[in-house]
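Working notes for the structure below.
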Amino acid sequence: MRIDKMLANLGYGSRKEVKQLLKSGAVKVNDVIVKDAKQHVDPNKETVTLNSEVIEYKEFIYLMMNKPQGILSATEDNSCETVIDLLELEDQVYEPFPVGRLDKDTEGLLLITNDGQLAHRLLSPKKHVPKTYFAVIDQEVTEEDVRAFAEGVTLDDGYKTKPGELKILKSGLRSDIELTITEGKFHQVKRMFESVGKKVVYLQRISMGSLKLDETLELGEYRELTDEEIELLIEYQVK
C-alpha cells in the first residue's frame, strides 16, 4: 500500500496534506524518514510513525452498535441521520457500512464493518444465519401463533416464510416475545405478526448469528468487537 494512501485512509488529511507531512520529514518507516508519497509500505509488517508516535493500521473494522429509533441503517442520506453519522471520524475513515438493515423505528444490534466478504456471507440466504428479535405485541400471543410461525406464515404479498421460532415471554393484553428467523425480508417481523392479525408496537434485534447485543451499550453507542467475537462470527458464517 502506498504510504500516502494509508495515511489519508486513516484520516491524517487529504492526499495533498499528507504529502506535506511527508515532505516535512515527520513520517518514518522502521525508523527511516520517508518523503516519497509513492513508497509502498506493509503496515502489518513494518512500523510506521508520525512525529515519533506509532500509527496503528487495521484493514478491517468491526463495530457493534445499539441502534436507536429514528436513525437509518444506511451509509448516507440527504434527509435523515444515518448510523454512520453516529460514528467518530476515526472510525468513519474506514468507510464501514451496516450489515443488513434495521427499520428506522427498530432498535438494537447492528453490525457495522468494511469487511465485504464477511457481510456477504452473513447476509446470504444460503447461509440461513439466525437473527433474534425481542418484540412487544399489541395483544395476546398464543400457542396457536407459535405453531403457525413454526410452520411458516404467508405474508401480504403471498410469500410463505421459512419456519420461525417464537417464544412467548409474557402474554396478555400486550405480549412480550422473542422471535428467531433466518430470513431478512422487508419488514418481515412486523408482517409475520400482521399475518396472524397482530401488531408489533416495539421491536429490538438482540442477536445475529453468534453475535449478541452488549446490554451495557446505551442507544446510539457502539464499540469494537472483541477478537473472540470476530473469530466466532467468522467461524459461524462458514458452518
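The values are calculated or read from the model by the stated rules, or taken from the named source; none is laboratory data. The shown structure was predicted, so the numbers you read here are calculated from the model rather than taken from an experiment. No Cβ is skipped: glycine too gets one built from the backbone with ideal geometry, and neighbour counts run over all protein chains shown.
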Condition first: farther than 15 Å from Leu225 by Cβ, at pLDDT 90 or above and either assigned to a loop (DSSP other than H, G, I, E, B) or in contact with a His (Cβ under 6 Å, 6 or more places away or on another chain) (or both). Can you find one or more residues in the range 116-133 that meet it?
yes
Hey, among Leu173, Leu155, Leu111, Leu169, which residue is assigned by TED's automatic domain parsing to the domain that holds Asn66 and not acidic (Asp, Glu)?
Leu111
For the range 196-218, which residues satisfy the criterion of being surrounded by fewer than 17 Cβ atoms within 10 Å (Cβ to Cβ) and in contact with a helix residue (DSSP H, G or I) (Cβ under 8 Å, 6 or more places away or on another chain)?
Val196, Lys199
Mind checking whether some residue in the range 65-78 is closer than 19 Å to Ser210 by Cβ, more than 12 Å from the chain's Cα centre (by Cα) and in a loop (DSSP other than H, G, I, E, B)?
no
Out of the residues in the range 195-221 that are outside any loop (DSSP other than H, G, I, E, B) and farther than 19 Å from Glu165 by Cβ, state the one that is farthest from the chain's Cα centre (by Cα).
Val201
Among all residue pairs at least 6 apart or on different chains, which show Cβ distances below 9 Å where the first residue, located in the range 146-159, is in a helix (DSSP H, G or I) and the second is among the β-branched types (Val, Ile, Thr)?
Val146/Ile168; Ala148/Val196; Phe149/Thr161; Phe149/Ile181; Phe149/Val196
Search result, residues across the range 12-48 that are aliphatic (A, V, I, L, M), in a loop (DSSP other than H, G, I, E, B) and in contact with an Asp or Glu (Cβ under 6 Å, 6 or more places away or on another chain)
Ala37
